[in-house]
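Written out below as structure tokens is the structure these notes cover.
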Amino acid sequence: MKTISLKLNMFLNNLTIKKAADMLRKKEISAKEIVLHYLKNIEEKNKDINAYLEVFDGALSEAEKIDKEGIGGRPLFGIPLAVKDNILVKGKICSAGSKMLANYKASYDATAIKKLKESGAVLLGRTNMDEFAMGASTENSAYGVTKNPHDLSRVAGGSSGGSAAAVAMDGCLGALGSDTGGSIRQPASFCGVVGLNPTYGAVSRYGLIAMASSFDQIGPMAKTVEDAEIIFNTIKGQDIMDSTSKDSPWTRGGEKLRIGLLKYDKSGVDKDVNEAVEKSAEILKGLGYEILEIELPNIKYSVPCYYILVPAEVSSNLARFDGVRYGLFKEGKNLTEDYMKTREAGFGLETRRRIMLGTYVLSAGYYDAYYAKAQKVRELIKRDFEKVFDLKNGGVDAIISPVSPTTAFKIGEKANDPLKMYLEDIFTAPAKMAGLPALSLPTVQTGLPIGLQIIAPRFGENLLFEIGKNYERHISRS
Amino acid sequence: MEIEKLAKLARISLNQTEKEKLQKEFEAILGYISALEKADIGAVTDKEEMETANILREDKKEEEEKKECEPEILIKAAPFYENNFVKVKHVFE
């Protein structure tokens, strides 16, 4: 491998997308040199962490190619990024962390990937995840768990654990993850990186392997809020291939902002997490934001509601995996047995658990009691948020809360208790009920990382970025 | 609620150990999600729920789609195919 000067190496160890983009623009470094640096980091660290399932062969030659083409005003020119294993990159294996798609090669680029490629980004590889995005620890991956770079005996969080760890271990400058009930924010919190769950519809889902279609969103993970913003601005936008996508019509922001501190039962949350949130509220107050306590009365129904609606959508979306058009095939005596054997072999236990839960709540006799009821409760939660964000009636511009009730737990600690794992979603699921954008950003910690969650109204990402950047600037100075 | 019946509906096989494990877990999970029974949905009627609308488009292939997936690539992803068809067992016996 080519060697890089010591001085340059120093710069390379402390890069952000913003810094790298500046250096590339000024030709202080080439895309090839940056990509080489990150490939080297991956080679050193990935065997212990298992963030990447595959490093793409073509990454280096891609970097060389774009060096020849020149920057051409492309915002992510030469920036090395990682992609969660459920986002399609044409010609590359996309397995959703599952044996079911172990040899499936993506037949097209996801829109988000197309946009990243057009912006000059270099895709380094695909990252580990809980199978079909079901989980909060990446322990449900068919390819082994991803370890937390801060403490290898602990989980990286999930389901975007690989992407979070890849950023935290400095194996890329940013990554794409996906969030259905917290799958970007919680691993971001556990790994000490920034993670954005966009407004539902802000980023096209075309090319994202579907889990729960009314919740799923692709979002960025990065070292800083500004970096996450750069990636988000590149991948967002209405797409004719996703009829649930929409351009951001956002107008609010700029004036003195009011932030609501979510009232919650502190006894159910780690002491360190409570302290981190309280301290963050103080910091934001010091920065000039007005802090008020707010309540979301139906928030206690978020997790039960989530675990009715999501498995229902999952059971529908995963019905396509039957060994007929793609993926694993296991033979039975007849067509029905083909399906049953294929799905037994291809799906892990958590995936089968959720499919069956979904099948149950949608079945005759139970549909009204569970699914129809949950849809109405979802509407209740949505209205709670609308009330809280209603500025004309004493509402706030944004809400802060914990991301997770815990810090990164030990590998194996919650693996045998699905319900315990589901409760990890207690703070992240509510925003998804209402399709709201939410950011997880690292607080100052000497021990394990703890993320602060900021939630904004629909298409309020600019508010998240503004508050996040102010907060970040303050803690980096002190 | 029979795990076996559910598994058949979902077209999924489970071994005996998995069946027993799931049965127990299901009881706990269903117990937890039944908390929703207490939710007061009085204000939400079926009509109000329908804030969503179907987005439709013209029934013609968009330019983008034409460039996307060539049929040959899609067909070759199947475990069995013949000419330009995906091959499966008889649906009806």
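The values are calculated or read from the model by the stated rules, or taken from the named source; none is laboratory data. Everything numeric here is computed off the predicted structure, so don't read it as measured data. Note that each Cβ is placed from the backbone with ideal geometry, even for glycine, and that neighbours are counted across all protein chains shown. Ligands, DNA and RNA are excluded from the accessible area calculation, which covers all protein heavy atoms including side chains. Shrake-Rupley method; radii C 1.70, N 1.55, O 1.52, S 1.80 Å.
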- Task: For residue A:107, indicate whether it is within 14 Å of chain B (Cβ to nearest Cβ) and among the polar types (S, T, N, Q).
- Result: yes
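Does residue A:377 count as within 14 Å of chain B (Cβ to nearest Cβ), crowded, with 20+ Cβ neighbours inside 10 Å and touching a Pro at 6+ places or on another chain (Cβ under 7 Å)?
Details: within 14 Å of chain B (Cβ to nearest Cβ): yes; crowded, with 20+ Cβ neighbours inside 10 Å: yes; touching a Pro at 6+ places or on another chain (Cβ under 7 Å): no.
Against the criterion (within 14 Å of chain B (Cβ to nearest Cβ), crowded, with 20+ Cβ neighbours inside 10 Å and touching a Pro at 6+ places or on another chain (Cβ under 7 Å)), residue A:377 does not qualify.
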- Query: Does region A:276-288 hold any residues that are assigned to a helix (DSSP H, G or I) and either open to solvent by less than 70 Å² (accessible area, probe 1.4 Å) or over 15 Å from residue A:453 (Cβ atoms) (or both), and which are they?
  - Reply: A:276, A:277, A:280, A:281, A:282, A:283, A:284, A:285, A:286
- Task: Please give the number of the condition residue A:21 fails out of (1) touching a Phe, Trp or Tyr at 6+ places or on another chain (Cβ under 8 Å); (2) part of a loop (DSSP other than H, G, I, E, B).
- Result: (2)
- Query: Taking into account only those residues within region A:398-446 that are at pLDDT below 95 and among the polar types (S, T, N, Q), which is least open to solvent (accessible area, probe 1.4 Å)?
  - Reply: A:445
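Please find, among A:326, A:307, the residue that is open to solvent by 30 Å² or more (accessible area, probe 1.4 Å) and at the interface with chain B (Cβ under 8 Å from one of its Cβ atoms).
Numbers: A:307 fails: open to solvent by 30 Å² or more (accessible area, probe 1.4 Å).
Within the list A:326, A:307, the selection yields A:326.
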- Task: Identify all residues within region B:82-93 that are of a type outside the set (A, V, I, L, M, F, W, C) and either surrounded by 15 or more Cβ atoms within 10 Å (Cβ to Cβ) or assigned to a loop (DSSP other than H, G, I, E, B) (or both); write none if there are none.
- Result: B:83, B:84, B:87, B:89, B:90, B:93
- Item | Filter result (more than 8 Å from chain B (Cβ to nearest Cβ), part of a helix (DSSP H, G or I) and touching a residue at least 60 places away in the same chain (Cβ under 8 Å)) within region A:343-368 | A:345, A:346, A:350, A:351, A:354
